[in-house]
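Presented below is the structure to which this report refers.
Throughout, read-outs are computed from the coordinates displayed, never taken from laboratory work. Note that this is a predicted model, so its numbers are computed, not measured. Cβ coordinates were reconstructed from backbone atoms using ideal geometry, including for glycine residues, and neighbour counts include every protein chain displayed.
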Amino acid sequence: MSDSIPMPRVRVATTSLAGCFGCHMSFLDMDERLLDLAKVVEFDRSPLTDIKHCGPCDIGLIEGGVCNAENVHVLREFRRNCKTLVAVGACAINGGLPAQRNHLDLGDCLQQVYVKRDGVEDGGVPDDPELPLLLDRVHPIHEVVRVDYFIPGCPPSGDAIWTFLTDLIGGRTPRLPHPLLHFD
Amino acid sequence: MGGTFLFDGQPVPFEDGQTILQAARAAGRYIPHLCWHPDFPPHGSCKLCIVKVGGRHVSSCALPARDGMEVESNTPEINGERRALLQMLFVEGNHFCPSCEKSGNCQLQALAYELDMSSARFAHFFPDRPVDASHPDVLLDFNRCIFCELCVRASRDVDGKGVFALTDRGIHKHLVVNAESGRLADTDFAVTDRAADICPVGVILRKRVGFAVPIGERKYDRASISTVAMEKGE
């Protein structure tokens, strides 16, 4: 790469839907390699930039599954804008921990947490119109939009995310070899 | 008498009575499998060990080897079909690896690594399958059952107890415990039974040893299942 002809940098957006931000923390586990990444990548919407809406991007990284109406809107915004959409981590891929409520009735869950729980007095299920409506089930993101690649793990290691991104940006088909491919 | 067949283009010798899978293993060639176990007769239910012989799909755990056979196993086509079978097993149950004590020692998970399965692709069923923690020494987590019947066979044929059974058919098929209450505590099941350590996934779990070996240092964390199977004969 010559200094006189600047290459356009790859635009990357990231978000956490029904996730714990653990995958974003793992992203930061790339440590000093983040500086190498920053030479070829520019961040769009992401917790790292605090940009609120996603513009046209090359790569979208989605952490977390889809548990409420806002998640659906954000996910569709990413799919509209990102050429390549990547599910990062167990929750985006199979619903993960939040999906452990899927065999329970949502109404019962809300009653148990906000009304019937020990120590709750004058409880009530929050119904502020600003709050996004919960879906009856938590969905892996590939059940809502088309997904191009999956990086499994809870969370995937910084090494796995680095290997995947450098392959993708370098024009190679991303493939995680055995020690980096982990579901736990 | 025996003979030789071609396995992925390489000659593999066999003795009379050996199945394709047995002969291939003896020659150091791994064929993926879940319901097959070296100590038990073939069951032929998981279909992970499918190979192509003369252009037809067969279960290599059950078909006796024959002289001059041409067997295809480690090909993109067959591995793709094996991956699809794994994906269907993953969505039918609740296989949430991060919370599973068996993670790293699980053959279903290890085969998913082996066959490059990065997502379950299909829509998840999220079935409701309550656990049975009644037994003092063993926990049953039915969420992860893949219906290989190894526990059924081990308990019936080795332990002589018949503690486990599969009931119902098709998508409603599920593992049950042979007791009026349906609880493991109300059977003569013991932690020393062969059935207690036969489960290839995380259904039958010994209590109080769950994380004695930490995640990351387990059987399939460092080496692939094909390597482990060929080196240790498991």
Inter-part gap, Cα centre of region A:145-184 to Cα centre of region B:8-33, in whole angstrom, is 34
Neighbour-count ranking for A:Thr14, B:Thr4 (other C-beta within 10 angstrom, fewest to most) reads B:Thr4, A:Thr14
Reduced to Cα centres, the span from region B:72-91 to region B:109-134 in Å works out to 15
Of every Cα-Cα pair in region A:47-133, the percentage lying beyond 16 Å is 66
Mean other chain Cβ within 10 Å across B:212-219 is 1
tail above 22 Å in the computed P(r) of chain A, as % of all Cα-Cα pairs, reads 50
In Å, the Kirkwood estimate of hydrodynamic radius for region B:193-234 over Cα pairs equals 11.9
Rh (Kirkwood, all Cα-Cα pairs) for chain B, Å, reads 18.8
So, for the Cα atoms of region B:94-228, Rg and Dmax in Å stand at 15.2, 43
Calc'd 3J(HN,Hα), region B:156-164, phi into Karplus 6.51 cos²θ - 1.76 cosθ + 1.60 (θ = phi - 60°), Hz, glycine/Pro = x, comes to 6, 8, 9, 7, x, 10, x, 6, 10
Per-residue average of other protein chain Cβ atoms inside 10 Å, peptide B:122-132 -> 3
Any trypsin sites (Lys or Arg not before Pro) in region B:162-216 that lie in a DSSP loop and have at most 16 other Cβ atoms within 10 Å would be B:Arg169, B:Lys173, B:Arg183, B:Lys207, B:Arg208
Taking alpha-carbon centroids only, region A:1-73 lies from region A:94-114 a number of Å equal to 29
From fewest to most C-beta neighbours within 10 Å, the residues B:Glu92, B:Glu231, A:Glu32, A:Glu121 line up as A:Glu121, A:Glu32, B:Glu231, B:Glu92
Cα-based Rg and Dmax for the protein assembly as shown, in Å, come out at 24.3, 83
Ranked on Cβ counts within 10 Å of their own Cβ, fewest leading, B:Asp159, A:Asp128 go A:Asp128, B:Asp159
